[in-house]
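What follows is a short report on a single structure.
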Amino acid sequence: MARIADALKKAEAERRVKARLSGLTADTAKSPRGIAELPSFQWAPKKIDIAPPPAVVESTSPPVDWDVHPSLVTMTDRGSTVAEQYRAARTWLLSRLTPGQRSCLAITSSVPREGKSVTTANLAIAMAEVRHLQVLAIDCDLRQGSLGKLFKLPAVPGLTEVLTGRASLDEAVRRTPIGNLSVVTAGLADHPNPTELLSSTQTSRLFDEIRARFHFVLVDTPAVQRVSDVGVIGSLCTGVVMVVRMHETAAHVVRQSLRCLQSNNLNILGCIAAACRPDVDRYADTAGDREE
Amino acid sequence: MQQPHHIDDFSVSDLRHTLGEAFRVVCDRRWRFILPFLGVSTLALIASLWLPRQWSVSTIIRREHDPMLASMVGKTWTEPYADIRTRMASELSDMETIQTILRGMKLPEHGEYYSDGQLSPASATAESAMAAEVAAGLVIKNVETSATRDVVSIRLTMGDSAHVADILRAIRDNYISRAQRRTTEILRGAETFLQGETTRCRGEAGSLQKQLFELEATYPGINPDAVDPTQAAETSLVVEGVQLARKLDEVRDDLARLDSGNEQAIVASDVAAVASGAARPNPRYTSLMQDIEKIQRDIIEGRTMKMMTEQHPTIQRLVASLEAKQSELDRTPATEAEAAGLQLTPTERLTSRKAELLASRASLEKKIAANREERGRIEQSRTGMLQARDSYLKIKAKLARANEELAGWEQNMGPLKHVLTLEDSNRGIHFATVRDVESVVRPASPDGRVVIGLCFAIGAAVGVVVVLVTELLDRSFRTAQGLSSSLGIPLIESIDEILTAAAIRKRLIRRVVILPVTAAVLTLTTFAAGAMAYLSLQQPADYETVKHSPHLIFSALWNS
């Protein structure tokens, strides 16, 4: 019965999101430019045109022949429980959006290998299932970026190249087989001081440009405990989502990371508990509820 | 309708939660328990092979209370058994004795001896240590105790399995030998004592007997239990006195008739008597001859058959009677004619007759006086005898006691000599081995089952500790609710672990192959270590065999 109640709540949240997005899409639908007409990245300030979302909200069907990493279950195993959990996270995030506001979320964690990049990629795919949203997944971990590997995209050109002027944003934004999902990889990890690079005004301008061109931006960041990049990147985003790997990351480390983010006055939206172990009893109850 | 909560619901719920958490911990951390459990158990079992073993042997001896000593008079002879019983433990555990025994057995092995046979200081120290170990490992226990015998169990526990049986055997034999020697010494002392007492009693009895003889010689008839010889002598003297008095009266009558002129009548009677039988023998003469012969036979018989001395009253009385008869015979005529005096003239006959009567009267008066004197002497002797009878009776009682005591000592001497003969021929009955020392098969301690159980318990404890430490050190978040409440930020979603094909394969390999194989290898190792530990503790002989031929471990276990 509890699962039925959860499903009803999710359906209600979906309806609320659709209602909010209907206003957003109505605004963006007036623009004749779609994602195909992305403006080129220029350092001079210019007026940002917001691409209108499509008039009709419906999920897209991702192509089956996109070869990505098996951990991207929202693409490889769409019917799985985990994929559904990512969709639920998507719903939660969309329900917190202010109608008409474009979102840029930083995904971070306390320590490396907690599942930031996998969460970012899966959330991006789940977001892109909402067909009218232009979604961008950008890898800001300039040291050990792994988003490109997950999507099996070439690392260069990436964010490092864009920020160092070796490539334009258009060159760095990779279109994916999912039409409304774009990916920017980290690029070559050859810069001596990535934190300085991310703290530059170019980065700020780049994020302004990105926010102008995409409805929803998911930023994959380094771990909080490792470098201070999160504080810089988080300030450019509308919110921060903390990924915590269950049964592995120590609680005091997570709390310390959280205090670090809060000391930077970042808007911490919430946390995602990753790598939860399936509870047998829970599934048994679920099966029982379904039979009823 | 919602049921109101009962207080028990919460406790049941808490219990279920606690049990569920425990079950979850057990399931989640099972390998963290199994692997340390098997590993540590194996190490503990291997380490148990080096545990010092204690080997134990025992023997049972029966200790008899010597019946001879038990029945002997005097406290001195009843105490040795109790003394032997009391001193047994101290004598068995005596360090000097044990050291002597060990030295006799050339133990400890590889001891260094100087040319004069003395042990080097290091070897002497080792010997002392071994003796102390033996003394500490000796346990003496009474299996059966009674007034007449004890059944005693002697147990020796020590670390030297090769010599423990020999050492116990030597200690037992040494003790029995010493105890028997001591018993023999006691018996020798008893024999000396008995001999001294016998000699003393015999001497005392002889002295008393001599005093009795002297009193009996001095005072005939002093013994009230024997016939009084003076009584018969006095009686015969009284009778003789009466007869003599009657004869004296007759003689006096005859003299009176002679003096009064009745001579014609006396002569006429004599003539008539001659006419009646002139040639016939005198009857008096014949009677005296017969009496003399009889008295002579009695005297000979008394001297020879009855061993009477000349001083014996009977002999003296017979001699006196013989003399009297002989004197009368000399005066008595052999024929009646001679007795009648017919050959003389009447005047001569009267004169002769008067002279005879006068002589007879004098003789009779003399005899009567002697008779009275003898009777007075007997009376005087009886008065002295009665005065000495009390001392005689006292001496006789002393003699009886001395003889009784002598008989008691002599009664003990016979069995004592018999026991000593048995002891001298090494056939004493004071000690007997009921159960001999058996060869040791397995160590007495530590107990194999206890050691193996302890090893597994240590392994299990380490496994539990590992699980608990892991659980305590695991500060990660367990539940999404805990995460949210702990951090104070909203929980967006809890995402299950993503299991890719590679991850599943890796996990399968880990769970199905690596961990089970490791557990199987560890289990086999634990089994082998446990089997070796068991065999080393329960079947040391099989353990030595398996050490050189490991493939025989199953048959050894099966046989054990």
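What follows draws every value from the coordinates through simple rules; no lab data is involved. From a predicted model like this one, the values you see are computed outputs, not experimental measurements. Heads up, the Cβs are rebuilt from the backbone with ideal geometry, glycines too, and the neighbour counts pull from every protein chain shown.
Data overview
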item	result
Computed lengthening from A:Q225 to A:S263, 0.36 nm per intervening residue step minus Cα-Cα distance	12.3 nm
Potential extension, B:A147-B:E250 segment - 0.36 nm per residue separation minus Cα distance	28.1 nm
Net charge, B:D436 excluded, C-beta distance under 15 Å - Lys, Arg +1, Asp, Glu -1	+2
Under 5 Å, built H, 5+ apart or other chain: amide partners of A:R78	none
Links that overshoot a 21 Å alpha carbon limit, given the list A:K116/A:K152; B:K306/B:K367; B:K210/B:K396	B:K306/B:K367
Phi-based couplings in Hz for segment B:494-499 (Karplus 6.51, -1.76, 1.60; Gly and Pro marked x)	9, 9, 5, 5, 8, 10
Mean Cα-pair separation over length for chain B, i.e. relative contact order, pairs under 8 Å, 6 or more apart, %	30 percent
Cα shape, segment A:152-205, gyration tensor, a/c 1.5 rule	prolate
Other-chain or far-sequence residues with amide H under 5 Å of B:I495's (modelled H)	A:A273, A:A274, A:A275, A:C276
Coordinate range along principal axes, alpha carbons of segment A:58-145, Å, largest first	36, 33, 21
Acute angle (nearest 10 degrees) that the helix B:313-331 long axis makes with the longest principal axis of chain B, alpha-carbon atoms	20 degrees
Vicinal HN-Hα couplings computed from phi for segment B:403-418 (Karplus, 6.51 cos²θ - 1.76 cosθ + 1.60; Hz; Gly/Pro x)	5, 5, 5, 4, 4, x, 4, 5, 5, 6, 5, x, x, 4, 5, 5
Ascending count of other beta-carbon atoms within 10 Å, so fewest first, for B:R172, A:R96	A:R96, B:R172
Residue order, fewest to most beta carbons within 10 Å, for A:V82, B:V466	B:V466, A:V82
Charge context of B:S321, other residues only, Cβ under 14 angstrom, K/R +1, D/E -1	-2
Inter-site label distance for B:V239 and B:L393 at 7 Å from Cα along Cβ, in nm	3.1 nm
Proxy reagent accessibility, fewest Cβ within 10 Å first, across B:M289, B:M95, A:M75	B:M95, B:M289, A:M75
Shielding by other protein chains, A:263-273, mean Cβ within 10 Å	4
Backbone HN-Hα couplings from phi across segment A:213-227 [Karplus 6.51/-1.76/1.60, Hz, Gly and Pro as x]	9, 10, 6, 9, 10, 10, 10, 8, 10, x, 6, 5, 6, 9, 9
Average partner coverage of A:244-255, which counts Cβ from other chains inside 10 Å	5
Rounded tilt (10° steps) of B:229-259 against the dominant C-alpha axis of chain B	10 degrees
For B:V450, net neighbour charge (Lys/Arg +1, Asp/Glu -1) across residues whose Cβ lies under 14 Å away	+2
Relative compactness, chain B, computed as alpha-carbon Rg over 2.2 N^0.38 Å	2.47
Stretchable slack from B:E293 to B:V469, in nm (0.36 nm times residue separation minus alpha-carbon distance)	49.4 nm
Hydrodynamic radius by Kirkwood, which averages 1/r over all alpha carbon pairs of segment A:81-214, in angstrom	15.3 Å
Label-point gap, in nm, between B:A124 and A:D77 - each point 7 angstrom along Cα→Cβ	8.5 nm
Placed amide H near A:C104: partners under 5 Å, 5+ positions off or other chain	A:V217, A:T238, A:G239
Tail weight of P(r) past 20 Å, computed on alpha-carbon pairs of segment B:118-194, percent	53 percent
Crossing angle, helix B:164-218 versus chain B [Cα axis fit, 0-90 degrees, rounded to tens]	20 degrees
Within chain B, helix-based [θ] at 222 nm, where runs of 4 or more DSSP H residues each add -39,500 (n - 2.57), nearest 500	-24500 deg cm²/dmol
Projected label distance in nm at A:A250 and B:V512, using a 7 Å step from Cα toward the beta-carbon	3.7 nm
Along principal axes, Cα extents of segment B:383-434, largest first, whole Å	73, 18, 7
